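Engineer: Take a look at the following structure, please.
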C-alpha cells in the first residue's frame, strides 16, 4: 500500500522551483534578510524570510494565491497533467489564508473580494478545479492535507489528488510573535542553545498523488511513495506543544507505514527554533526512537526557509524526497551549540551531508492548537 | 408523516446530537420557521462560565456553546458536574470546524493596534487567534478531543464540506466520532470584509451550529438515537451539477430543500417545504451548511420522511467558486 508522488512544485524565498529551492538548501543559502514588507519602526524584530515580490508602489493583495498557483502548475506539469483539473481534488493547507490581503483592505483600504479569502477562488479561475478545500490547520496544515488526500485515494473517491500548502507573512502574526518572545529572534536557530524563537517565511508547495497500484500516470514519474500519514491533536494548550501527543503521532505514522524507528534514514524536523517546540520534538523523538535515535540523519530546513507555516510540512517533504533521490541532506544552519536534548542525534550541521542508502524519511509538522501531522515517505525504486 | 421503520446500514453515517448558539433560537426546529427569530433574545454566549473566557474571540465562544450542547445531546460527555469527561476514547473523537470570518477580528484589531502603538500595544494572549484554527483548537481543549482536528475555511460551501470531511475521517478509520461546528461572528472587521469594504448594513449571521456524527453501528452500540442519516455529497462548479450529482436520475421527491441563499437558477425541484436560512438569519457564510444539516436533522427527527436536500453556494453562475449539495435521510 502507498501513494506515489508523481509531481512536485515548490516556491519559497530560497528558490522559485524545486531545483532552485533544494539547491539553495544544500548550499546552506538562507533567505534570511532584513524585514522589507512592513514598516520596520513598528517592531523590535528586524528580520524575516520573505519572498519580496511586491511592486515598488507597496504591498498588494493575493500574493499567497499567486504562489499557490505557481506551485500547483509546476506539480501538474511535472506529473504530465494538463491544467484543466475539473473534479480532481485539490487540498490546500494554510495557517493564514489570504489574511494579509484582509489586513491591507481593513487598514489601508486596498480593495479585496472576500470570495478570495479561501483558495478555491484562484484554483477555480486558473485550473477549473471544483473539488477544492482550504484546510486551515495552522503550521501542520499541509501534512494534515496530505493525510486527507491519501484518505480520498484509499476510499476510492478519486484516482489523483493534488495536495498543496501556502502561507504569507501577516503583520498581525509578525507583531504578536514579536510581543511574545522575551527577546527578538535575529534568525531561526533550530535546536541551538541560543535559539530565541521563530521568524516567518513565505511560499507554497504542491504534490500530485496517485495510488501505488494505479502507477504514476501520464509522465511516469515516481518521486517517492507516501507510506502513511498520522494526524492528531494535543487538546492541551492553544500554542505550547505536548511531547506525549507528538510522540503518539510519530508512533502512529510508523504503524500506518509498517516501519520501525530503526528503518528511518532521515528525519525532516519541524525545528522552528522556538524554545518549546525544539524541546518537545527532541523529547518525543528520543522517546519513540529509543536506541535508534542516533541512526537517522536529521535536519531542519526552517533555518533557511524561515517558518513557512502551512506550507512548511510540504516544503520539508519536498526537500526530504530530493535528499533521498540525490543522497544530499541539507544542513541545519546556525546550529552552533546544540541543546542537550539532541546530544545523541545525527543532526546535519555546517554543510550538507553526502550519503548513500537513504530510503525512508519521516517528515514532522506541528502547529498551533496542538495539531500534529507526521508523514513517512519512501524513496522511489528505480524501475 | 410517518417515517418508515428502516434501519440504516451499520457503516452509514448518522447524526446523534445537535446544538445551536443563536440569539432567539432555542430549539433546532425553530430553524424551520419561515420568519426571522426575535432580535431581543439573550446572547447565547452568556451561558458560558469559567476561567479564561476573556481572551477567547467571539467565534470561539459561540462555537463552545453549540459544541457543548451537541456533545451532551449525543451522550458523548457525561452530565454536568463532570465537565470534559468523555464517554468515548479521546483519541477517537475528532473535530471539524467551518468558518470564513472567525478570526478576522483578531487580525484586523491587531494591525490597527500595531499602526497606532507598535507591537508593544498588542496582547500576547491574542496570538493563537491569528491562526484560523483557533475555534477547533479551543473546542478540542475544552472537551479533551484528541482525534483528527480540521478547520475548513472554504467559502460559501464550507459548512456542507465540513459534514463531508467528518464522514471522510470516520470512513478512513481515523476517528469514530466527529463534532462538526459551523460558526460566524459579527463585528466591524467582519462587516467590512463581508461587504467588500463598503460596511453597508447587510444582515450577517452571528451564531454557531454543531452536530455529532458517527456510524449507525456505533450509535446503536452506545444506545444513542440516530436522528438522521447522511447521504451523498458533491462539490461542483455549478448549483445544477451539484444537485444532479447527489440526487441521480429518478430521485425521490425532495421533502425539505435548504436553499443556498442568493439567486438560485431555475429548477424543477418542487420541494414539499423550503428552508431559506439566509432569508431568516442573514448571510451565514461558513456556518450555513452546518445550520442546514441541523435544520434538516430536526425536520427528519420531527417525522419528515422524504429526502432533505441541503445546498450551499450558488456556484460559478452566482459568482462563487463552487456549489455543494448534501442529502440527509431519515435514520429509521
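The values are calculated or read from the model by the stated rules, or taken from the named source; none is laboratory data. Source: prediction; values computed, not measured. Reconstructed Cβ throughout: ideal geometry from the backbone, glycine too, with neighbour counts over all protein chains shown.
Engineer: Are there any helices (runs of 4 or more DSSP H) wholly within the stretch A:89-187 with 2 or more residues that are farther than 22 Å from residue B:191 by Cα, more than 9 Å from chain B (Cβ to nearest Cβ) and touching a residue at least 24 places away in the same chain (Cβ under 8 Å), and if so which? Spell out how you get there, then give the answer.
Structural biologist: Details: elements: A:99-108, A:120-127, A:141-154, A:171-180.
Once the helices (runs of 4 or more DSSP H) in the stretch A:89-187 are filtered for at least 2 residues that are farther than 22 Å from residue B:191 by Cα, more than 9 Å from chain B (Cβ to nearest Cβ) and touching a residue at least 24 places away in the same chain (Cβ under 8 Å), what remains is A:120-127, A:141-154.
Engineer: When the residues of the stretch A:225-248 are narrowed to those that are part of a strand (DSSP E or B) and closer than 9 Å to residue A:370 by Cβ, which ends up farthest from the other protein chains (Cβ to nearest Cβ)? Step through it out loud before you land on a result.
Structural biologist: Taking the stretch A:225-248 as the starting set, the residues that turn out to be part of a strand (DSSP E or B) are A:225-233.
Now narrow it down to the ones that are closer than 9 Å to residue A:370 by Cβ: A:232-233.
Details: A:232: 6, A:233: 4 Å.
So, considering only residues that are part of a strand (DSSP E or B) and closer than 9 Å to residue A:370 by Cβ, the one farthest from the other protein chains (Cβ to nearest Cβ) is A:232.
Engineer: Could you figure out which of (1) farther than 30 Å from residue A:183 by Cβ; (2) out of contact with any helix residue (DSSP H, G or I) (no Cβ under 7 Å at 6 or more places or on another chain) isn't true of residue A:17?
Structural biologist: So the condition that residue A:17 fails would be (2).
Engineer: Something else about it: Which one is farthest from the other protein chains (Cβ to nearest Cβ), of the residues in the stretch A:41-57 that are touching a residue at least 40 places away in the same chain (Cβ under 8 Å) and in a loop (DSSP other than H, G, I, E, B)? Give the derivation first.
Structural biologist: Of the stretch A:41-57, the ones touching a residue at least 40 places away in the same chain (Cβ under 8 Å) are A:42-51.
Checking the rest, the ones that are also in a loop (DSSP other than H, G, I, E, B) come to A:43-46, A:50-51.
Details: A:43: 5, A:44: 7, A:45: 8, A:46: 12, A:50: 17, A:51: 20 Å.
Here the answer is A:51.
Engineer: Identify, please: which residue in the stretch B:194-227 is out of contact with any strand residue (DSSP E or B) (no Cβ under 9 Å at 6 or more places or on another chain), part of a loop (DSSP other than H, G, I, E, B) and away from chain A (no Cβ under 14 Å) and is, among those, modelled with the highest pLDDT?
Structural biologist: Checking each candidate, the answer is B:223.
Engineer: For the structure I just gave you, tell me whether residue A:102 is more than 29 Å from residue A:37 (Cα to Cα) and crowded, with 24+ Cβ neighbours inside 10 Å. Quick ask: steps written out before the conclusion?
Structural biologist: On the way: more than 29 Å from residue A:37 (Cα to Cα): no; crowded, with 24+ Cβ neighbours inside 10 Å: yes.
Here the answer is no, as residue A:102 does not meet what is asked.
Per-residue answers, yes or no, for (1) modelled with pLDDT under 95; (2) closer than 22 Å to residue B:70 by Cβ; (3) within 14 Å of another protein chain (Cβ to nearest Cβ):
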residue: B:257; (1), (2), (3): no, no, no
residue: B:267; (1), (2), (3): yes, no, no
residue: B:275; (1), (2), (3): no, yes, no
residue: B:280; (1), (2), (3): no, yes, no
residue: B:293; (1), (2), (3): no, yes, no
residue: B:324; (1), (2), (3): no, yes, yes
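Engineer: Quick one: would you say residue B:169 is under 18 Å from the mean Cα position of the chain (by Cα), facing another protein chain (nearest Cβ under 7 Å) and crowded, with 24+ Cβ neighbours inside 10 Å?
Structural biologist: Working: under 18 Å from the mean Cα position of the chain (by Cα): yes; facing another protein chain (nearest Cβ under 7 Å): no; crowded, with 24+ Cβ neighbours inside 10 Å: yes.
Criteria not met by residue B:169.
Engineer: Output the residues belonging to the stretch A:334-382 that are on the phi > 0 side of the Ramachandran plot, surrounded by 14 or more Cβ atoms within 10 Å (Cβ to Cβ) and part of a loop (DSSP other than H, G, I, E, B). Please lay out each step first, then the result.
Structural biologist: First, the residues of the stretch A:334-382 that are on the phi > 0 side of the Ramachandran plot: A:334, A:350, A:357, A:369-370.
Next cut, surrounded by 14 or more Cβ atoms within 10 Å (Cβ to Cβ) only: A:334, A:369-370.
The one that is on the phi > 0 side of the Ramachandran plot, surrounded by 14 or more Cβ atoms within 10 Å (Cβ to Cβ) and part of a loop (DSSP other than H, G, I, E, B): A:334.
Engineer: Would you mind stating whether residue A:35 is within 14 Å of another protein chain (Cβ to nearest Cβ), closer than 20 Å to residue A:126 by Cβ and in contact with a strand residue (DSSP E or B) (Cβ under 7 Å, 6 or more places away or on another chain)? Walk me through how you get there before you give the answer.
Structural biologist: Details: within 14 Å of another protein chain (Cβ to nearest Cβ): yes; closer than 20 Å to residue A:126 by Cβ: no; in contact with a strand residue (DSSP E or B) (Cβ under 7 Å, 6 or more places away or on another chain): yes.
So residue A:35 does not fit the description; no.
Engineer: What number goes with the only condition from (1) within 14 Å of chain A (Cβ to nearest Cβ); (2) within 23 Å of the chain's Cα centre (by Cα); (3) surrounded by 17 or more Cβ atoms within 10 Å (Cβ to Cβ) that residue B:44 does not pass?
Structural biologist: (1)
Engineer: Which members of the stretch A:208-241 meet the condition of being closer than 30 Å to residue B:137 by Cα and surrounded by fewer than 21 Cβ atoms within 10 Å (Cβ to Cβ)?
Structural biologist: Within the stretch A:208-241, the first condition is being closer than 30 Å to residue B:137 by Cα, and the residues that meet it are A:208-209, A:226-241.
Once the filter is applied, which keeps residues that are closer than 30 Å to residue B:137 by Cα and surrounded by fewer than 21 Cβ atoms within 10 Å (Cβ to Cβ), the stretch A:208-241 yields A:236, A:237, A:239, A:240.
Engineer: In the stretch B:91-112, how many residues are surrounded by fewer than 24 Cβ atoms within 10 Å (Cβ to Cβ), touching a helix residue (DSSP H, G or I) at 6+ places or on another chain (Cβ under 6 Å) and more than 8 Å from chain A (Cβ to nearest Cβ)?
Structural biologist: Qualifying residue count, the stretch B:91-112: 1.
Engineer: Follow-up question, since we're still on this one. Just one of B:235, B:191 is part of a strand (DSSP E or B) and either on the phi < 0 side of the Ramachandran plot or away from every other protein chain (no Cβ under 14 Å) (or both); which is it? Spell out how you get there, then give the answer.
Structural biologist: Details: B:191 fails: part of a strand (DSSP E or B).
Result: B:235 is the single residue among B:235, B:191 that is part of a strand (DSSP E or B) and either on the phi < 0 side of the Ramachandran plot or away from every other protein chain (no Cβ under 14 Å) (or both).
Engineer: Another question, then. Which of the residues that make up the stretch A:63-88 are assigned to a loop (DSSP other than H, G, I, E, B) and out of contact with any helix residue (DSSP H, G or I) (no Cβ under 9 Å at 6 or more places or on another chain)? Steps first, please.
Structural biologist: In the first step, residues of the stretch A:63-88 are kept if they are assigned to a loop (DSSP other than H, G, I, E, B); the result is A:79-88.
If the condition is that a residue be assigned to a loop (DSSP other than H, G, I, E, B) and out of contact with any helix residue (DSSP H, G or I) (no Cβ under 9 Å at 6 or more places or on another chain), then A:79, A:80, A:87 are the ones that fit.
Engineer: Residue under question is residue A:273, and the condition is that it be closer than 30 Å to residue B:52 by Cβ, under 16 Å from the mean Cα position of the chain (by Cα), part of a helix (DSSP H, G or I) and touching a residue at least 60 places away in the same chain (Cβ under 8 Å); does it hold? Walk me through it before giving the result.
Structural biologist: Values: closer than 30 Å to residue B:52 by Cβ: yes; under 16 Å from the mean Cα position of the chain (by Cα): yes; part of a helix (DSSP H, G or I): no; touching a residue at least 60 places away in the same chain (Cβ under 8 Å): yes.
No.
Engineer: Considering only residues that are part of a loop (DSSP other than H, G, I, E, B) and in contact with a helix residue (DSSP H, G or I) (Cβ under 7 Å, 6 or more places away or on another chain), look in the stretch B:9-32 and name the one that is nearest to residue B:65 (Cα to Cα). Before you say what the answer is, go through the steps one by one.
Structural biologist: We begin by selecting, within the stretch B:9-32, every residue part of a loop (DSSP other than H, G, I, E, B); these are B:9-12, B:23-24, B:26-27.
Narrowing further to those that are in contact with a helix residue (DSSP H, G or I) (Cβ under 7 Å, 6 or more places away or on another chain): B:9-12, B:23.
Working: B:9: 32, B:10: 30, B:11: 29, B:12: 28, B:23: 12 Å.
If we take residues in the stretch B:9-32 being part of a loop (DSSP other than H, G, I, E, B) and in contact with a helix residue (DSSP H, G or I) (Cβ under 7 Å, 6 or more places away or on another chain), then B:23 is nearest to residue B:65 (Cα to Cα).
Engineer: Select from the stretch B:123-133 the residues that are assigned to a loop (DSSP other than H, G, I, E, B) and surrounded by fewer than 24 Cβ atoms within 10 Å (Cβ to Cβ) and list them in ascending order.
Structural biologist: Keep residues of the stretch B:123-133 that are assigned to a loop (DSSP other than H, G, I, E, B), which gives B:123, B:131-133.
Residue satisfying the conditions is B:123 alone.
Engineer: Now for a separate question. Please go through the stretch B:172-188 and pick out each residue that is assigned to a loop (DSSP other than H, G, I, E, B), more than 8 Å from every other protein chain (Cβ to nearest Cβ), farther than 15 Å from residue B:287 by Cα and in contact (Cβ under 8 Å) with a residue 40 or more places away in the chain. Give the derivation first.
Structural biologist: Residues of the stretch B:172-188 that are assigned to a loop (DSSP other than H, G, I, E, B), as a first pass: B:172-176, B:185-187.
Narrowing the set further to residues that are more than 8 Å from every other protein chain (Cβ to nearest Cβ) leaves B:173, B:175-176, B:185-187.
Filter once more, so that each one left must be farther than 15 Å from residue B:287 by Cα: B:173, B:175-176, B:187.
If the condition is that a residue be assigned to a loop (DSSP other than H, G, I, E, B), more than 8 Å from every other protein chain (Cβ to nearest Cβ), farther than 15 Å from residue B:287 by Cα and in contact (Cβ under 8 Å) with a residue 40 or more places away in the chain, then B:175, B:176, B:187 are the ones that fit.
Engineer: Can you find a residue that is buried (at least 24 other Cβ atoms within 10 Å of the Cβ), in a helix (DSSP H, G or I) and in contact with a helix residue (DSSP H, G or I) (Cβ under 6 Å, 6 or more places away or on another chain) anywhere in the stretch A:257-266? Break it down stepwise before answering.
Structural biologist: Restricting attention to the stretch A:257-266, the residues satisfying the condition of being buried (at least 24 other Cβ atoms within 10 Å of the Cβ) are A:257, A:264, A:266.
Then keep just the ones that are in a helix (DSSP H, G or I); that gives A:257.
Going one step further and asking which of them are in contact with a helix residue (DSSP H, G or I) (Cβ under 6 Å, 6 or more places away or on another chain), we end up with none.
No, there is no match, as no residue in the stretch A:257-266 is buried (at least 24 other Cβ atoms within 10 Å of the Cβ), in a helix (DSSP H, G or I) and in contact with a helix residue (DSSP H, G or I) (Cβ under 6 Å, 6 or more places away or on another chain).
Engineer: Another question, then. Say whether the condition of being touching a residue at least 60 places away in the same chain (Cβ under 8 Å), assigned to a helix (DSSP H, G or I) and closer than 17 Å to residue A:132 by Cα is met by at least one residue in the stretch B:294-310.
Structural biologist: no
Engineer: So, residue B:132, is that one free of Cβ contacts under 8 Å to residues at least 40 places away in the same chain and under 19 Å from the mean Cα position of the chain (by Cα) or not?
Structural biologist: Details: free of Cβ contacts under 8 Å to residues at least 40 places away in the same chain: yes; under 19 Å from the mean Cα position of the chain (by Cα): yes.
Considered against the rule, which asks whether it is free of Cβ contacts under 8 Å to residues at least 40 places away in the same chain and under 19 Å from the mean Cα position of the chain (by Cα), residue B:132 comes out as yes.
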